[in-house]
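Let me begin by presenting the structure, written as structure tokens, before commenting on it.
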Amino acid sequence: MFTIKLLLFIVPLVISSRIDQDNSSFDSLSPEPKSRFAMLDDVKILANGLLQLGHGLKDFVHKTKGQINDIFQKLNIFDQSFYDLSLQTSEIKEEEKELRRTTYKLQVKNEEVKNMSLELNSKLESLLEEKILLQQKVKYLEEQLTNLIQNQPETPEHPEVTSLKTFVEKQDNSIKDLLQTVEEQYKQLNQQHSQIKEIENQLRRTSIQEPTEISLSSKPRAPRTTPFLQLNEIRNVKRDGIPADCTTIYNRGEHTSGMYAIRPSNSQVFHVYCDVISGSPWTLIQHRIDGSQNFNETWENYKYGFGRLDGEFWLGLEKIYSIYSIVKQSNYVLRIELEDWKDNKHYIEYSFYLGNHETNYTLHLVEITGNVPNAIPENKDLVFSTWDHEAKGHFNCPEGYSGGWWWHDECGENNLNGKYNKPRAKSKPERRRGLSWKSQNGRLYSIKSTKMLIHPTDSESFE
């Protein structure tokens, strides 16, 4: 471009100077006829200018051609990068599918190991009882044998005594083996629980990268947590008998809150948290503190319990009923403790009746005392239901309200097993699905933590 501009500037100057020379010669000389052809110098200058113009155009074409080639190279690099990203996305999706399949397999194995552990625990308890009986028999036979030896010192040992001793030794070895097996099973359960948690974190990270991925289920679920039957944490397991409830434990002299093993009548051994406050033993059946446990569980899980006794948990409808049915002639008290996000504490107590699984664990309440307005219907049959189990002939609430709870013929904004919401959840649907307590006068309490406890009416209520 510079060459073209220079040429356009020089050519007019050359032509102008040539015209001036012609005019001056015309004045001094006699007029001659004008030549019809351009002067040779002018032609050379013009040719030289055109030649430079051609070189300039040639350089410009080469530069333009180089720029176009660079653009094509960049486009090829971009296409290759886009293709590589597509391949990486496909690989991530495949890995996510594989992780989901692995999670499902681990959950199935976790259930199998849990069932095996429960069976082993039951067999262990039976063997312990048999051992106690055999020890009593052996003691009696040893006393008889001592008397016989004293009276007849040369009499050989009775074969029956020898066989019984051998049998007792075998039973002792079997019990030791079973105890070791149970401990190994619990270790495996804890390992699988850790693996499931790790896979959940990986799935959560993958879901953030791929927001359009379809979820595995239309209902968000959390995998079942490790059962809270932890042998090493139990303080009150005795070989000579297991207490029926927290009141029995308290009457034996255990006045410290903590986890204990109990066995109500016609029930298997399970573990509870006994909360001793102001000299009264209470059995904790539900605890919410931080939202670490998903309470949108199935009917099966609400029936047998989930969570951890040292954190958030639901004891289980079947276990609650087994405790309640120990003394059918005596009523039980249900105490609900609430703490809001301003750290204000409230409580309310009811006398209650609880039905068995054939009645869907129907609950009948009558208020006794409290410092918070009542929010649960009194003198009505409240039927327990979950999102996958609705009682026949009753209104189904959990689909919209999250978590299993006792419901009547309408849904209210009182669900202590609902979704755990932080204070920033301001919308009404979120509050409705969350942990809340709405009294009959219309006041809504947003709940930070809850406790549900029971004990017989022969123990005094506490403030």
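The values are calculated or read from the model by the stated rules, or taken from the named source; none is laboratory data. The shown structure was predicted, so the numbers you read here are calculated from the model rather than taken from an experiment. Backbone-built Cβ (ideal geometry, glycine too); neighbour counts: all protein chains shown. What goes into the accessible areas is simple: the full protein's heavy atoms, side chains included, and nothing from ligands, DNA or RNA. Shrake-Rupley method; radii C 1.70, N 1.55, O 1.52, S 1.80 Å.
The table below lists the values:
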item: Residues of the stretch 332-352 satisfying the condition of being exposed (fewer than 14 other Cβ atoms within 10 Å of the Cβ) and in a strand (DSSP E or B); result: Lys345
item: Cβ pairs under 6 Å, 6+ apart, first in the stretch 99-118 and touching a residue at least 12 places away in the same chain (Cβ under 8 Å) and surrounded by 12 or more Cβ atoms within 10 Å (Cβ to Cβ), second of a type outside the set (S, T, N, Q) and part of a helix (DSSP H, G or I); result: Leu99/Ile199; Leu99/Leu203; Thr103/Ile199; Leu106/Ile196; Val113/Leu189
item: Some residue of the stretch 287-297 being under 20 Å from Leu354 (Cβ atoms), open to solvent by less than 30 Å² (accessible area, probe 1.4 Å) and touching a helix residue (DSSP H, G or I) at 6+ places or on another chain (Cβ under 8 Å); result: no
item: Single match in Glu96, Glu91, Glu142, Glu129 (criterion: out of contact with any helix residue (DSSP H, G or I) (no Cβ under 8 Å at 6 or more places or on another chain) and either within 30 Å of Gly305 (Cβ to Cβ) or open to solvent by less than 100 Å² (accessible area, probe 1.4 Å) (or both)); result: Glu129
item: Selected residue [under 30 Å from the mean Cα position of the chain (by Cα), farther than 22 Å from Ser449 by Cα and charged (D, E, K, R)] from Lys342, Lys319; result: Lys319
item: Pair list, Cβ under 9 Å, 6 or more apart: the stretch 353-367 residue under 18 Å from Asn266 (Cβ atoms) and among the aliphatic types (A, V, I, L, M), other residue open to solvent by 30 Å² or more (accessible area, probe 1.4 Å) and modelled with pLDDT of 90 or more; result: Leu354/Tyr321; Leu354/His364
item: Hits in the stretch 284-307 (condition: part of a loop (DSSP other than H, G, I, E, B) and under 13 Å from the mean Cα position of the chain (by Cα)); result: Asp290, Gly291, Ser292, Gln293, Asn294, Phe295, Asn296, Glu297
item: Residue within the stretch 317-324 that is without any contact (Cβ under 8 Å) to a residue 40 or more places away in the chain, of a type in the set (Ser, Thr, Tyr), open to solvent by 40 Å² or more (accessible area, probe 1.4 Å) and in contact with a helix residue (DSSP H, G or I) (Cβ under 9 Å, 6 or more places away or on another chain) present; result: no
